[in-house]
Amino acid sequence: MRTRTRIALAVVVCLAVLLALGPSAARAGSSRGKVLIVNTNAGTVTVIDAAKKVVLGNPSVGNHPSKLVTDSQGRLAYVINPGSDDLSVINLQTFAVLNVPLGFEPSDLTITPNGTTVVILHADPDVASGGNAFKGDYTIYDAKKGSIVRTNRLNGLGSATHDPCGIKSDSSGDAVWITDCATNKAALVDLRKAREDDSGDEMRAVLDTQTNPSFIDITLR
């Protein structure tokens with residue numbers, strides 16, 4: 001049998017096997033990365049190898065962690081801890097944890113697609129019950145430098161009372177969408193300008209929504 005004929009037959013056999021296996025073959029090789037689970041009462045994050053389906057570790061974070069985001073390379077995870085008013089940064093290779101004080105209750109967070117900036121929302125603390133004095137609506141954290149840039153108010157919404165509810169980075173990574181339950185508005189905040197001040201010039205757009213807007217997501221197209 002000629003070499004070309006043998007190669008052609010081998011290709012046909014391989015294609016036949018793949019077709020016979022169908023979608024199950026694709027599914028079998030599709031598990032990858034890590035699964036991260038926030039354990040609120042334990043103050044830990046469970047890290048699971050998605051392919052091997054085994055627990056890799058349970059690094060400790062702050063008190064009563066609630067939400068997390070990861071960078072696009074799967075190297076770092078950022079966890080907000082309302083119970084201890086801080087942000088935990090987990091190295092997903094070594095499980096080393098850096099805790100960054102925020103000063104008052106974090107409620108939600110987002111990360112830019114390039115992983116350079118994390119923006120954290122703050123719930124308005126109950127000062128009458130001993131909560132911390134209100135300092136701002138969102139904090140900008142520089143992931144490259146590992147430090148907080150500044151904490152801003154949602155100025156430009158036309159109200160002194162704010163109640164930020166949800167946040168999501170846009171696809172460019174230069175801005176974030178924030179919903180505000182007190183004013184029933186959605187604001188597009190320019191992160192470059194927000195790094196400098198919160199005079200209101202950082203607002204690219206302010207749009208009316210329905211009552212009590214909360215969480216946000218953005219389609220890929």
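Key figures
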item: Packing-based ranking, highest mean first, of 113-119, 48-54 given that Cβ atoms within 10 Å are counted; result: 113-119, 48-54
item: FRET efficiency, Gln210 to Ala182 (Cβ-Cβ, R0 22 Å, nearest 0.05); result: 0.95
item: Sequence-distant residues sharing a close amide H with Arg153 (under 5 Å, placed H); result: Asp137
item: Protection proxy ranking, peptides 104-110, 179-185, average beta carbon neighbours within 10 Å, highest first; result: 104-110, 179-185
item: Length gained when the stretch Gln93-Asp174 is fully extended (0.36 nm per residue, less Cα-Cα span); result: 26.4 nm
item: Amide H contacts of Asp108 (H built 1.01 Å from N, under 5 Å, at least 5 apart or other chain); result: Leu121
item: Members of Lys52/Lys168; Lys67/Lys145; Lys145/Lys185; Lys34/Lys135; Lys34/Lys67 lying beyond 26 Å, as alpha-carbon distances in this model show; result: Lys52/Lys168; Lys145/Lys185; Lys34/Lys135
item: Integer Hz, Karplus 6.51/-1.76/1.60 couplings in order for region 93-105, x for Gly and Pro; result: 8, 9, 6, 5, 10, 10, 9, 10, x, 10, x, 7, 4
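Throughout, read-outs are computed from the coordinates displayed, never taken from laboratory work. Remember, it's a predicted structure, so these values are computed and weren't measured experimentally. Every residue, glycine among them, receives a Cβ derived from its backbone with ideal geometry; neighbour counts consider all protein chains shown.
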